[in-house]
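Student: Quick one: the structure is below, and I'll ask about it shortly.
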């Protein structure tokens, strides 16, 4: 099976490609590759990829990769010549991510972090493809006393029996499986530990802070901060995140890297920016911190900066403008009208 592309473009498989980050990744990859996007729509959405469906170099397959998969049995992929050319790269972003309803997807999350990883690693072994696992900063667990910056050599401090262990500990197991496939079969494996990411196509009603803030602001309802608002987190714009993932995939050896913003901002600052951008009459209110969520740490991205020449370029203010415009536009307004409103404020 061809490890390199026989024809003019390489074949790239993106599992979870209809999700928030996955769909933006497909947008970037389609510029230079033939993209096979697989998603079961647990947290992905058709509208995230509908603009790509007419592209001859893009193919979507609705499928759950926690089930065994043989790409050569999908007749719609015949034009990609999988039997002759194989697949050169596999990005595995397949995992439910909704915080609000995660209890509904506990078993699906466990399957995504075990069976789905196994099945996609088997595809990488079959085709001798490069493989990137989208992991998470949650594998580090809670930060220790006095610890703010997290490097890749930190083992983490997490509870494997916590209510969210299906995701946090599940991703740790997914990393273990991936790195051992690299050792056993000499595969080129990349593990991206993704830190907090935001941008267009974030899903409403997912329990994530920014969509919840925007939705409340549009309705002129209070923006609820769980805690006193002084808590700080980092925010990486999705375009920067995708750039980091692609550069990591092109890194010539197996590697584990943090991908995220090294800058931290208070939650109350984010809330205030969103109120301002939406012309909202909302106020900020405070509530008890939510249980079971890990205390966020800030990514040490020196390794990615040194090895990949990667660092985030889009600052929080500019990223929030794009994000709020997209969320408002997808809800009640046209994208153009929202952008005109934002431009008037400059």
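Student: Given contacts defined as C-alpha pairs under 8 Å and at least six residues apart, what's the relative contact order of the range 222-307, whole-number percent?
Tutor: 50
Student: When ranked by the protection proxy of mean other Cβ atoms within 10 Å per residue, highest first, what sequence do the peptides 300-311, 145-156, 258-269 form?
Tutor: Put in order of decreasing packing, that is 258-269, 300-311, 145-156.
Student: Oh, and also: Taking the beta-carbon count within 10 Å as an exposure proxy, list 251, 91, 237 from fewest neighbours to most.
Tutor: 251, 237, 91
Student: Run the Debye formula on the Cα coordinates of the chain, all scatterers equal and no solvent, and tell me log10 I(q)/I(0) at q = 0.10 1/Å.
Tutor: -0.60
Student: For 183, 201, 208, what's the fewest-to-most ordering of other Cβ within 10 Å of each Cβ?
Tutor: 183, 208, 201
Student: What share of all Cα pairs of the range 222-321, in percent, falls into each consecutive 10 Å distance bin?
Tutor: Going from the shortest bin to the longest, the percentages are 14, 37, 30, 16, 4, 0.
Student: Taking the Cα atoms only, what angle lies between the long axis of helix 209-218 and the longest principal axis of the chain, rounded to 10 degrees?
Tutor: 50
Student: Please compute the Kirkwood hydrodynamic radius of the range 1-74 from all pairs of different C-alpha atoms, in Å with one decimal.
Tutor: Evaluated on the range 1-74, it is 12.7 Å.
Student: Please arrange 179, 69 by how many other C-beta atoms lie within 10 Å of their C-beta, fewest to most.
Tutor: Lowest to highest Cβ neighbour count: 179, 69.
Student: For the range 137-252, taking Cα atoms only, what is the radius of gyration to one decimal and the Dmax to the nearest whole Å?
Tutor: Every Cα atom of the range 137-252 included, Rg and Dmax give 17.2, 56 Å.
Student: While we're here: At each listed q (0.14, 0.17 Å⁻¹), what is the log10 of I(q)/I(0) that the Debye formula gives for the range 86-147 modelled as equal alpha-carbon point scatterers?
Tutor: Log-scaled intensity ratios, in q order: -0.53, -0.70.
Student: Pick from 249, 177, 202: which is most flexible by mean-square fluctuation in a GNM of the chain where alpha carbon atoms under 10 Å apart are linked?
Tutor: 177
Student: While we're looking at this one, here's another question. Where does helix 165-185 land angle-wise versus the long Cα axis of the chain, in degrees 0 to 90, nearest 10?
Tutor: 30
Student: Given only helices, namely DSSP H runs of n ≥ 4 each adding -39500 (n - 2.57), what is the per-residue ellipticity at 222 nm of the chain, to the nearest 500 deg cm²/dmol?
Tutor: -10500 deg cm²/dmol
Just so you know, all these numbers are worked out from the coordinates, no wet-lab data involved. For clarity, every value in this text was computed on a predicted model and none was experimentally measured. Heads up, the Cβs are rebuilt from the backbone with ideal geometry, glycines too, and the neighbour counts pull from every protein chain shown.
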